[in-house]
Amino acid sequence: MSFRKKNSRSAYLTVMKDPDNIVEFENVHTYFFTDSGMVKAMNGISFDIPKGKIVGIVGESGCGKTVTALSLFQLLDRSEGQTIKGQIRINMESHAVNVINAPAHVMQKLRGKQMSMIFQEPATSLNPVFRIGCQMDEVIKLHHPKMYKKERKNRTLEMLELVGITNKEEVYKMYPHELSGGMCQRIMLAIALVCHPRIIVADEPTTALDVTTQAQILDLLLELKNKLNITILLITHDLGVIAQIADEMIVMKDGSVVEKGSVKEIFKSPQHPYTVQLMRSHAFAEKHFVKIGSFPEKKDSILEVSHLKKYFPQRGNFISPGKGIVKAVDDVSFTLKRGTTLGLVGESGCGKSTTGRTILRLLEKTDGNIFFNGQDISKVSAEQLRLLRTKMQIIFQDPYACLSPRLTIDEIMKEAVREHNIVPKIELDTYISAMMRACGLQESYKQRYPHEFSGGQRQRICIARALALRPEFIVCDEPVSALDISMRTQIINLLQDLQEKYHLTYLFISHDLSVVEHISDTVAIMYLGSIIEIGATEDIFRNPLHPYTKALFSAILIPDPDVKGKRIILKENILSSSLSPSGCKFQTRCIKCTEICKMKTPVMQEIEKGHMVCCHLYDGK
Amino acid sequence: MEKNVLSPKMLIRKRLFRNKLAMTGMFLLTLIFLFTFLGSILTPYGETEVFRTTETKEQEVAKAECKYKVISVNSVYEPPSSKHLLGTDGNGMDILTRLIYGGRISLLLSISVVAMELLIGTVIGSIAGYLGKWVDALFMRFVDIINCIPSLPLYIILGSIMDYYKLDGGIRICMLCLILGLFRWSAVARIVRGQILSLREQEFIVAAKAAGIKTRHCIGRHLIPNVIPQLIIIATMDLGNVILSEATLSFLGLGVKYPYASWGNMLHTVNNIYVMTNYWFVWIPAGTLIFLTVLGFHFVGDGLREALDPKRKHT
């Protein structure tokens, strides 16, 4: 017994190559064994994570970034994925542990105490039925069983303060659903920090967040690194995030490291062709270019929205009646010319998706008018609306969720076409094939199911499906937000090509200004249900007026470590649309807030030709 | 790269036939169906034929001489022999023969009841779940009402009504089928509704609506296929339950009446402790057959569920 114990001890104890490193990966191979054969998720990966540095891993989805993190924690499902070869050493000062050989009880002590992890979806990483304080307390209790309750609470509050939560006593007693995504991510960070780990692994910590919140969290990570000298392994697909906060970076592709080095050097002179390609697709997202033939001859308007309102009642029950209403869309008006694109930008929860869906009457409006081709679509009957649907289509953010999982692509594509008798039955097959080809899909995909495709291909399928109905107007509801950067460029190019070919009109909804720029002719910025600035894309990008628009611009991450733009960090997150105070809606977060902003609601005023803003700062100009 | 692409239907069939467990189940079910539906050709006896004890020589002589009146006795609980392969039951009837005839009723009954409950349950559940609001409230309260009816007293009353009208065996079985089907669908409706409530919120339904797909196609083509795994599980579990509850109802006088046989009926002899402990051949065969049938349906159902799941790998 004692012999065996000794033997297993020596198997996982090891020596660091360089004592200044916190973690060393050496020739790590992690394979997945699936029904369709072996997948080499990590194929001989070696890199070091030096103490007190932020190391970023960048790559497209499926390149093995997350598996790298899971291998370090040994959190892979043993029956599916296993680290076959190599060493992952973690520095414990007096000794080092090779986590690959470490037995389960050793790993349990390492996780949480020596290394901790934060995930992409903060809201789902927290347990919804426990209070925040309780969840943090649990972690301390596990690793410091002898600590007193009061001591634990102090430690928890201290951590909450550290991650920038000012009302820590309140938050201590809250449930996760009462907090916004950004706050949840802060809590996750606090939980990760609570046992003073040697390393924090952040797996896409800001991908699910708004641009403005992303800026906040990244700032927080940087601040923590400087203050606590903490080591962070940052996993992301966004070069902008890496450029802004990481010290060293690793570029991964298909389970291998293609390039590693300091962020500055790699951005200055990328060596590997793949890195160059990645940088270029990012550069596209940054390059300012004017659309050919912008502001052309007079066009008729296809869609007119005036004073559109959509309120959601907060339902109560027998005992307590409803607490009022949420004004998701509050007096939105705009006109859309045929063949042009309007970009609708705002944080999540600002009502941009609701606007899109209310226009299509997927949600019933509360008030206002929607004229489509001169017809008030809020008044047509259900059957007429069903026929009208071919003319107005929608593309969703998550292409996987909007394809029926149990239907083949062929069935999905044909269904609506058949329902509306777009083409005669005999031509159906050739018509579908033509549509698929137009969207860059092969005909042989027809017999496959949605889950067999990549994100980009799925979005192409969704576009092809929408296009097959011969629409005139398409609402694109964040069509590229869920995609990799390189895919984004392709999909946006496709949308632009199709617009030209079929003379389509788009309402392009996004939370990211940089995406909207290329495709839009006009841009509208939305905040808490209202449009606060609208104008030609050029004008908005050249001269943003509203303080909120300016903040949005500053939140764009520039993939260049030398250009660390002065970020305007918005103080608070939006609480809820239902709690909007009197006066300007943005007053609580505005850095230029004056007395009048608190008293009077600003109205739209034209500053330049076609460029309107809703802010008191420009009163009388 | 371009392999010959299998159509989805061919793929399902291929996956099902490759599944060893499902094939075992299929084999079992085939055997059982053959046994019950073709077995009557092989057995020389009738379903309700009663056998008498063989008379001893003395008795024969006495009978011939008319010395005294000989009362022939039913050959009750006779152990398996070459004459009665599985022996005779408490009424002196051949157990093997009764298994064959009883199986027909049990299988037909369970399959038709399950089919009925799935049909009603799915239709009501999916309409309630998809349309929501007051339709949902109305349908679900209706389900609650159905659930509130105390079933056993109701069955007894219905049984005695049928007795009053002196309905014959065939009609009684049809009625039993109807009654069971009409009172069992509520569980299915609840499960289907719950599933559809969550599926309805998914974006592919919004996408279908946005494409102007008719409501009935939305339910039929997009929602129901996603509930199939749950339906298969309910169906396979309920097949066994129905066979057994038929026995309960028969016992209460609603179901299959003596002299007709059913597996559940035959299994019910175990409520006599003496029979259970002393005459194993009376109830073990019926129990085994019910067990094998349920097992077979489970295997096939499981295989079907896996084969229908598009996310399974091709190989």
* To do: Would you tally the net charge around A:Glu427, using a Cβ to Cβ cut-off of less than 14 Å, leaving A:Glu427 out, and scoring K and R as +1, D and E as -1?
  => +3
* **For A:203-212, mean number of other protein chain Cβ atoms within 10 Å** => 0
* Structure fact -> Summing +1 per Lys or Arg and -1 per Asp or Glu among the other residues with Cβ less than 13 Å from B:Val135's Cβ gives +3
* Asked: Could you give the dipole magnitude of chain A about its Cα centre, charging the beta-carbon of Lys and Arg +1 and that of Asp and Glu -1, in debye to the nearest 20?
  -> 1560
* With 10 Å bins from 0: P(r) over the stretch A:76-194, alpha-carbon pairs, percent -> 12, 38, 29, 18, 2
* Structure fact -> Rg/Rh over Cα atoms for the stretch B:181-315, Kirkwood Rh, comes to 1.16
* Asked: Quick one: net charge of A:Ala382's neighbours, Cβ under 13 Å, K/R +1, D/E -1?
  -> +4
* Structure fact -> Note to self: C-alpha centroids of the stretch A:183-254 and the stretch A:27-58 sit apart, in Å, by 19
* Cβ crowding within 10 Å averaged over residues, with A:383-393, A:343-353, B:178-188 ranked highest first -> A:343-353, B:178-188, A:383-393
* To do: Grab the stretch B:8-307 and count how many Lys pairs have their alpha-carbon atoms under 30 Å apart, sequence gap of 8 or more, or different chains.
  => 12
* With the cut-off at 28 Å, report for the stretch B:8-307 the share of all Cα pairs above it, as a whole percent. => 52
* Structure fact -> Only helices counted: for chain A, with every DSSP H run of 4 or more residues adding -39500 (n - 2.57) and the sum spread over all residues, [θ] at 222 nm is -10000 deg cm²/dmol
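What is the diffusion coefficient of the stretch A:311-428 in µm²/s, taking the Kirkwood radius over Cα pairs and the Stokes-Einstein relation at 10 °C with a viscosity of 1.306 mPa s?
91
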* the stretch A:31-105, dipole about Cα centre (Lys/Arg Cβ +1, Asp/Glu Cβ -1), debye to the nearest 20 -> 220
* Karplus couplings for the stretch A:225-232 from phi (6.51 cos²θ - 1.76 cosθ + 1.60, θ = phi - 60°), rounded to Hz, Gly and Pro as x? -> 4, 5, 6, 9, 6, 8, 9, 10
* Enter the mean number of other protein chain beta carbons within 10 Å of the beta carbon of each residue in A:413-423, as an integer. => 2
* To do: Averaged over every viewing direction, what's the projected area of the C-alpha convex hull for the stretch B:84-158? Give it in nm², one decimal, please.
  => 7.3
* To do: Mind jotting down a quarter of the surface of the convex hull over the alpha carbons of the stretch A:348-412, in square nanometres, one decimal?
  => 5.9
* Asked: Under a point-charge model restricted to the Cβ atoms of Lys and Arg (+1) and Asp and Glu (-1), what is the dipole moment magnitude of the stretch B:8-307 relative to its Cα centre, in debye to the nearest 20?
  -> 1200
* Structure fact -> Per-residue Cβ contact counts at 10 Å, fewest first, order A:Ser404, B:Ser198 as B:Ser198, A:Ser404
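Where in chain B are the DSSP H helices whose C-alpha atoms run 24 Å or more along the long axis and whose mean Kyte hydropathy is at least 1.6?
Membrane-span-like by this rule: B:20-42.
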* To do: Determine the relative contact order of chain A: mean sequence separation of Cα pairs under 8 Å and six or more apart, normalised by residue count, in whole percent.
  => 13
* Structure fact -> When A:Tyr175, A:Tyr527 are arranged by how many other beta-carbons sit within 10 Å of their Cβ, fewest first, they go A:Tyr175, A:Tyr527
* Can you give the average number of partner chain beta-carbon atoms within 10 Å of each beta-carbon in peptide A:397-406, as a whole number? -> 6
* Dipole of the stretch A:96-235 (Lys/Arg Cβ +1, Asp/Glu Cβ -1, origin at the Cα centre): which of A:Ser180, A:Gly133, A:Gly164 lies farthest to the positive side? -> A:Gly133
* In which sequence would B:Val300, A:Val480 go, from the one with the fewest C-beta neighbours within 10 Å to the one with the most? -> B:Val300, A:Val480
* Mind listing the long-range amide H neighbours of A:Asn43? Cut-off is under 5 Å, sequence gap 5 or more, other chains count too, H placed in the peptide plane at 1.01 Å from N. => A:Thr30, A:Ser256
* **Isolated Cys residues of chain A, judged by Cβ distance under 4.7 Å to other cysteines** => A:Cys63, A:Cys134, A:Cys184, A:Cys195, A:Cys350, A:Cys402, A:Cys439, A:Cys462, A:Cys476, A:Cys614, A:Cys615
* Radius of gyration, Dmax [the protein assembly as shown; alpha carbons; angstrom] -> 35.6, 135
* To the nearest 10 degrees, how steep is helix A:428-438 against the longest Cα principal axis of chain A, on a 0 to 90 scale? -> 60
* Asked: Over chain A, what is the percentage of antiparallel beta bridges among all DSSP beta bridges, to the nearest 5?
  -> 60
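No value in this document is a laboratory result; all are computed from the given coordinates. What you are looking at is a predicted structure, and each value in this text was computed from that prediction instead of being measured. Please note: Cβ atoms are built from the backbone with ideal geometry, for glycine as well, and neighbour counts cover all protein chains shown.
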